[in-house]
């Protein structure tokens with residue numbers, strides 16, 4: 001087993017905080033998995049886990065996980081339909097969680113290219129943002 005750092009120090013990218021996440025969507029009955037591997041912008045205003053484009057729903061369905069429909073309340077109070085399922089975050093940048101990883105809500109909607117890492121996923125760590133230095137530190 002490798003030793004993990006207890007903190008990640010990074011500079012902002014395009015004036016925003018981004019991290020690389022790896023994880024899986026796992027079918028709890030068959031144990032089949034589909035990988036998640038992408039860069040996410042940290043969004044403390046999003047209370048979900050990981051927000052991804054709707055096309056990722058087909059990845060979940062390919063392993064017989066059927067995301068359910070629910071409503072997501074936007075900052076302006078509007079509600080939009082989204083699909084959700086459970087995903088497991090296995091690593092954030094260089095920090096690796098013990099398997100199977102940390103469970104989070106995977107929220108699928110729209111066609112936006114970027115992905116967001118929200119408060120449901122961030123409950124496993126603390127983040128210090130330093131706006132003037134354009135940097136942040138994640139502690140586990």
Open item on the list: Between a residue in segment 68-86 that is in contact (Cβ under 8 Å) with a residue 40 or more places away in the chain and on the phi < 0 side of the Ramachandran plot and any residue that is loosely packed, with under 10 Cβ neighbours inside 10 Å and part of a strand (DSSP E or B), which pairs come within a Cβ distance under 8 Å, given they are 6 or more apart or on different chains?
Closed with: 85/68
Open item on the list: Exactly one condition in (1) more than 12 Å from the chain's Cα centre (by Cα); (2) surrounded by fewer than 20 Cβ atoms within 10 Å (Cβ to Cβ) is false for residue 38; which is it?
Closed with: (1)
Open item on the list: With the structure loaded, tell me whether residue 109 is closer than 29 Å to residue 12 by Cα and in contact with a strand residue (DSSP E or B) (Cβ under 8 Å, 6 or more places away or on another chain) or whether it fails that test.
Closed with: yes
- [ ] Select, from 68, 16, the only residue that is within 17 Å of residue 114 (Cα to Cα) and out of contact with any helix residue (DSSP H, G or I) (no Cβ under 9 Å at 6 or more places or on another chain).
- [x] 16
Open item on the list: Show me the strands (runs of 3 or more DSSP E) found entirely inside segment 11-109 where at least 1 residues are within 26 Å of residue 136 (Cα to Cα).
Closed with: 18-26, 33-42, 50-52, 79-92, 102-108
Open item on the list: Being touching a strand residue (DSSP E or B) at 6+ places or on another chain (Cβ under 7 Å), closer than 12 Å to residue 51 by Cα and at pLDDT 95 or above is the requirement here; does residue 116 meet it?
Closed with: yes
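Take the residues in segment 13-33 that are closer than 19 Å to residue 86 by Cα and crowded, with 18+ Cβ neighbours inside 10 Å; name whichever of them is farthest from the chain's Cα centre (by Cα).
Step one: filter segment 13-33 for residues closer than 19 Å to residue 86 by Cα, giving 20-33.
Still in the running and crowded, with 18+ Cβ neighbours inside 10 Å: 21, 23-26.
Numbers: 21: 7, 23: 9, 24: 11, 25: 11, 26: 15 Å.
Selected residue: 26.
Can residue 63 be described as surrounded by 15 or more Cβ atoms within 10 Å (Cβ to Cβ) and without any contact (Cβ under 8 Å) to a residue 40 or more places away in the chain?
For residue 63, the condition - surrounded by 15 or more Cβ atoms within 10 Å (Cβ to Cβ) and without any contact (Cβ under 8 Å) to a residue 40 or more places away in the chain - is met.
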Task: Count of segment 125-138 residues which are under 25 Å from residue 74 (Cβ atoms) and free of Cβ contacts under 8 Å to residues at least 60 places away in the same chain - done: 1
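The values are calculated or read from the model by the stated rules, or taken from the named source; none is laboratory data. Only a predicted model underlies this, so the values are computations on that prediction, with no experimental measurement involved. In this analysis, Cβ positions are derived from the backbone assuming ideal geometry, glycine residues included, and neighbour counts consider all displayed protein chains.
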